[in-house]
1. Could you identify the single residue in ASP95, ASP117, ASP142, ASP162 that is in contact (Cβ under 8 Å) with a residue 60 or more places away in the chain and farther than 21 Å from ALA55 by Cβ?
2. Restricting attention to segment 42-53, and to residues there that are crowded, with 17+ Cβ neighbours inside 10 Å and of a type outside the set (D, E, K, R), which single residue is nearest to the ligand (Cβ to nearest atom)?
3. Across segment 11-36, which residue is nearest to the chain's Cα centre (by Cα) among those that are assigned to a loop (DSSP other than H, G, I, E, B) and either within 16 Å of the ligand (Cβ to nearest atom) or among the acidic types (Asp, Glu) (or both)?
4. Check segment 39-48 and report whether any residue there is polar (S, T, N, Q) and either at pLDDT 95 or above or within 25 Å of PHE192 (Cα to Cα) (or both).
5. Please enumerate the residues belonging to segment 54-79 that are among the hydrophobic types (A, V, I, L, M, F, W, C) and away from the ligand (no atom under 15 Å from the Cβ).
6. Just the residues that are free of Cβ contacts under 8 Å to residues at least 24 places away in the same chain, assigned to a loop (DSSP other than H, G, I, E, B) and either touching a helix residue (DSSP H, G or I) at 6+ places or on another chain (Cβ under 9 Å) or under 19 Å from LYS19 (Cα atoms) (or both), please, taken from segment 46-71.
7. What are the pairs with Cβ atoms under 6 angstrom where one residue, in segment 173-195, is within 16 Å of the ligand (Cβ to nearest atom) and the other, located anywhere, is charged (D, E, K, R)? Sequence gap at least six, or different chains.
Amino acid sequence: MDTKTANGGAAAAALAGRKIALGVTGSIAAYKACELVRLFVKAGAEVSVIMTAGAQQFVTPLTFRTLSRRSVATGLFENPETWVPGHVSLALWCDALVIAPCTANVAAKLACGIADDILSSIALACRKPILLAPAMNEGMLDAPATRANFATLRARGVAVMDCGEGELACGVEGRGRMPEPPAVFRAVAELFPPATPAGPGAAPAP
Ligand SMILES: Cc1cc2nc3c(=O)[nH]c(=O)nc-3n(C[C@H](O)[C@H](O)[C@H](O)COP(=O)(O)O)c2cc1C
């Protein structure tokens with residue numbers, strides 16, 4: 001996607017200067033998060049990547065550190081940049097938390113309030129908009145537990161994107177592909193609607 005063209009340009013403008021916490025989880029689609037970081041950075045957003053242990057089986061923290069030009073959070077008990085625990089400081093720092101790809105496991109943790117790793121702890125502490133871009137096998141996606149978890153999260157105001165269709169990591173065609181990075185980029189931009197004339201940042205009434 002060209003961040004300078006019509007639709008991409010408007011999304012890029014909405015994201016310039018924003019602070020995005022990007023959670024990456026243990027899905028084969030973790031490689032798509034690399035492209036997403038590139039789009040955010042190109043738009044002028046700051047990106048802090050948080051990786052689950054599962055995600056680190058697919059892509060290295062070094063890749064995200066280089067693309068985002070920031071340190072990558074990989075563990076709850078590692079040394080954060082400040083004395084404030086990483087899960088609290090990142091939840092406060094960000095303007096939005098995006099989890100892309102989001103595994104069935106992480107969606108389940110979020111729905112239940114489980115906070116047993118760095119990403120789920122940030123998500124539980126986060127009071128900013130949260131957007132999930134799920135990726136999983138069709139069976140996992142259609143499992144009653146997963147459907148109930150996403151319904152719970154949507155009801156709480158979490159933005160959950162629809163999965164794409166096509167070839168899945170398990171070698172079959174079906175639903176469950178992570179939405180493509182440009183679509184996630186635009187969905188994140190929509191979390192930040194432009195200020196209306198009467199809204200914040202508007203010129204004072206004459
Ligand atoms: C090759 C491979 C691909 C996987 N892809 C997915 C996936 O797309 N979505 C998913 O929910 N789980 C997937 N899994 C299973 C998760 O990695 C597993 O549930 C793991 O516990 C998730 O950990 P996390 O949610 O903490 O990252 C995959 C596992 C393997 C070995």
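The values are calculated or read from the model by the stated rules, or taken from the named source; none is laboratory data. Here the structure is a predicted model, which means the values were calculated and not measured. Virtual Cβ from ideal backbone geometry, glycine too; neighbours counted across all protein chains shown.
1. On the way: ASP117 fails: farther than 21 Å from ALA55 by Cβ; ASP142 fails: in contact (Cβ under 8 Å) with a residue 60 or more places away in the chain; ASP162 fails: in contact (Cβ under 8 Å) with a residue 60 or more places away in the chain.
Answer to the check: ASP95.
2. Out of the qualifying residues, it is THR52.
3. The extreme case among them is THR25.
4. Checking segment 39-48: at least one residue is polar (S, T, N, Q) and either at pLDDT 95 or above or within 25 Å of PHE192 (Cα to Cα) (or both).
5. Residues satisfying the conditions are LEU62, LEU67, PHE77.
6. SER71 - this is the single residue of segment 46-71 that is free of Cβ contacts under 8 Å to residues at least 24 places away in the same chain, assigned to a loop (DSSP other than H, G, I, E, B) and either touching a helix residue (DSSP H, G or I) at 6+ places or on another chain (Cβ under 9 Å) or under 19 Å from LYS19 (Cα atoms) (or both).
7. Close Cβ pairs satisfying both conditions: GLU173/GLU167; GLY174/GLU138; ARG175/GLU138; ARG175/GLU165; GLY176/GLU138; MET178/LYS32; PRO181/LYS32; PRO181/GLU35.
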